[in-house]
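A.B. asks: For reference, the structure I am asking about is given below.
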Amino acid sequence: MLVFETKLPIRYYETDQMGIVHHSNYIRFFECARNVMMESLGYPIQKCEEDGVTIPVVSVECHFKYPAKMGDTVTSVARIAKVPLAKLEVEQAVYNQDGVLCAEGKVVLGFLNKETGHPTRCPDVVRELIEEKL
């Protein structure tokens, strides 16, 4: 399994009146870890788009376990367990600074031809980078 992570400080605007992270922000935290994932693989999202493929989110699943709070520093994690073909499934999690699981879920990414908007297979370079590291 490939694991990628990034640390993020919780800012005031990400919280509600109780100082708890608003649920919508966990999807953004998931995305931060996926950006680190692509960069760490050596193929940032910008490069993929330059090569004519976009990577839209097809579905998001998120289960909330424990509230992150203003002032916390969370770790957002992205895990890949299998080589992508037509879609890339990414297991995701967010932990607080004490290692307590705040949220977990799964994001499914698709691949589209940038010019036509039609679905396409995972770019060979992405598949090969994941395959060699799994």
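A.B. asks: Would you confirm, using the coordinates I've provided, whether T116 is surrounded by fewer than 17 Cβ atoms within 10 Å (Cβ to Cβ), among the polar types (S, T, N, Q) and under 14 Å from Y26 (Cα atoms)?
C.D. replies: no
A.B. asks: Evaluate the range 104-112: report whether one residue or more is at pLDDT 95 or above, of a type in the set (V, I, T) and under 17 Å from the mean Cα position of the chain (by Cα).
C.D. replies: There is at least one residue in the range 104-112 that is at pLDDT 95 or above, of a type in the set (V, I, T) and under 17 Å from the mean Cα position of the chain (by Cα).
A.B. asks: On to the next question. Could you check the range 1-21 and list, in sequence order, the residues that are touching a residue at least 24 places away in the same chain (Cβ under 8 Å) and in a loop (DSSP other than H, G, I, E, B)?
C.D. replies: Within the range 1-21, M1, I10, R11, G19 meet the criteria.
A.B. asks: While we're here: Could you look through the range 1-37, keep only residues that are open to solvent by 40 Å² or more (accessible area, probe 1.4 Å) and in contact with a helix residue (DSSP H, G or I) (Cβ under 7 Å, 6 or more places away or on another chain), and pick out the one that is farthest from D72 (Cα to Cα)?
C.D. replies: In this case the residue turns out to be N35.
A.B. asks: Shifting gears a bit: Just for the range 94-134: of the residues that are without any contact (Cβ under 8 Å) to a residue 60 or more places away in the chain and acidic (D, E), which one is nearest to F64 (Cα to Cα)?
C.D. replies: This residue is E104.
A.B. asks: Restrict the check to the range 86-94 and report whether at least one residue is charged (D, E, K, R) and touching an Asp or Glu at 6+ places or on another chain (Cβ under 6 Å).
C.D. replies: Taking every residue of the range 86-94 in turn, none turns out to be charged (D, E, K, R) and touching an Asp or Glu at 6+ places or on another chain (Cβ under 6 Å).
A.B. asks: Here's a follow-up. Condition first: polar (S, T, N, Q) and surrounded by fewer than 13 Cβ atoms within 10 Å (Cβ to Cβ). Now tell me which residues in the range 38-70 satisfy that.
C.D. replies: Answer for the range 38-70, where residues must be polar (S, T, N, Q) and surrounded by fewer than 13 Cβ atoms within 10 Å (Cβ to Cβ): Q46, S59.
Listed here are the residues, each with its yes/no results for (1) in contact with a Leu (Cβ under 9 Å, 6 or more places away or on another chain); (2) closer than 18 Å to I10 by Cβ; (3) not aliphatic (A, V, I, L, M).
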site	(1), (2), (3)
F29	yes, yes, yes
L41	yes, no, no
V57	yes, no, no
I80	yes, no, no
P84	yes, no, yes
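The values are calculated or read from the model by the stated rules, or taken from the named source; none is laboratory data. As the structure is a prediction and not an experimental result, all values here were calculated from the model. Ideal geometry is used to build each Cβ from the backbone, glycine not excepted, and the neighbour counts take in all protein chains shown. Accessible surface areas use protein heavy atoms only, side chains included; no ligands, DNA or RNA. Shrake-Rupley method; radii C 1.70, N 1.55, O 1.52, S 1.80 Å.
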